[in-house]
1. Give the residue that is modelled with the lowest pLDDT, with candidates limited to residues of the stretch 42-89 that are polar (S, T, N, Q) and touching a Gly at 6+ places or on another chain (Cβ under 8 Å).
2. Got at least one residue in the stretch 86-93 being aliphatic (A, V, I, L, M) and in contact with a Leu (Cβ under 6 Å, 6 or more places away or on another chain)?
3. Out of the residues in the stretch 105-118 meeting the condition of being of a type in the set (D, E, K, R) and either free of Cβ contacts under 8 Å to residues at least 12 places away in the same chain or surrounded by 15 or more Cβ atoms within 10 Å (Cβ to Cβ) (or both), tell me which one is farthest from M81 (Cα to Cα).
4. Could you figure out which of (1) touching a Pro at 6+ places or on another chain (Cβ under 7 Å); (2) in the same structural domain as A110 (by TED's automatic domain parsing) isn't true of R75?
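The values are calculated or read from the model by the stated rules, or taken from the named source; none is laboratory data. Just so it is clear, the model here is predicted, and its values are computed rather than measured. Here Cβ is always computed from backbone atoms with ideal geometry, including for glycine, and neighbour counts include all displayed protein chains.
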Amino acid sequence: MPTGKVKWFDAEKGFGFVTGDDGEEVYLHSSALPGGAVVKSGTRLDYGVADGRRGKQALSVRVLSETPSVAKAARKPAEEMGELVQDLVTMLDNTTGQLRRGHYPKPERAQQIAALLRRVADDFDA
């Protein structure tokens, strides 16, 4: 059985592609995945191959391992994120009044808010 890594997979659409260790790309449909399996880019797979209507297709897929996310490993613990999110909510609440009166925050304050929003978004997205 060939092995390879998921090149990309769209869970909403239910398909993606696997790049085999030999460099060959193979279509991957969600129906070929074992029940409850979640795959994403970099997930290692063991699979069979069949010729489908549009080329080679993965069958009887077995998930071997997932590539650990560096961003996920480096993100803050949930307790710290809770405090950071609360600070962000307070900061945004204080800014709401200014915006309702038609004024954006001063540039230094706007940069602080934007930096905090980006940091929180990066940790959530990991």
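1. To start, the set of residues in the stretch 42-89 that are polar (S, T, N, Q) comprises 43, 57, 60, 65, 67, 69, 86.
Still in the running and touching a Gly at 6+ places or on another chain (Cβ under 8 Å): 60, 67.
On the way: S60: 91, T67: 55.
Residue satisfying both the conditions and the ranking: T67.
2. Narrowing the stretch 86-93 to residues aliphatic (A, V, I, L, M): 88-89, 91-92.
Okay, now just the ones that are also in contact with a Leu (Cβ under 6 Å, 6 or more places away or on another chain), so 88.
Within the stretch 86-93, one or more residues are aliphatic (A, V, I, L, M) and in contact with a Leu (Cβ under 6 Å, 6 or more places away or on another chain).
3. Initial filter on the stretch 105-118 (of a type in the set (D, E, K, R)): 106, 108-109, 118.
Those left that are additionally either free of Cβ contacts under 8 Å to residues at least 12 places away in the same chain or surrounded by 15 or more Cβ atoms within 10 Å (Cβ to Cβ) (or both): 106, 108, 118.
On the way: K106: 26, E108: 23, R118: 13 Å.
Among those that are of a type in the set (D, E, K, R) and either free of Cβ contacts under 8 Å to residues at least 12 places away in the same chain or surrounded by 15 or more Cβ atoms within 10 Å (Cβ to Cβ) (or both), it is K106.
4. (1)
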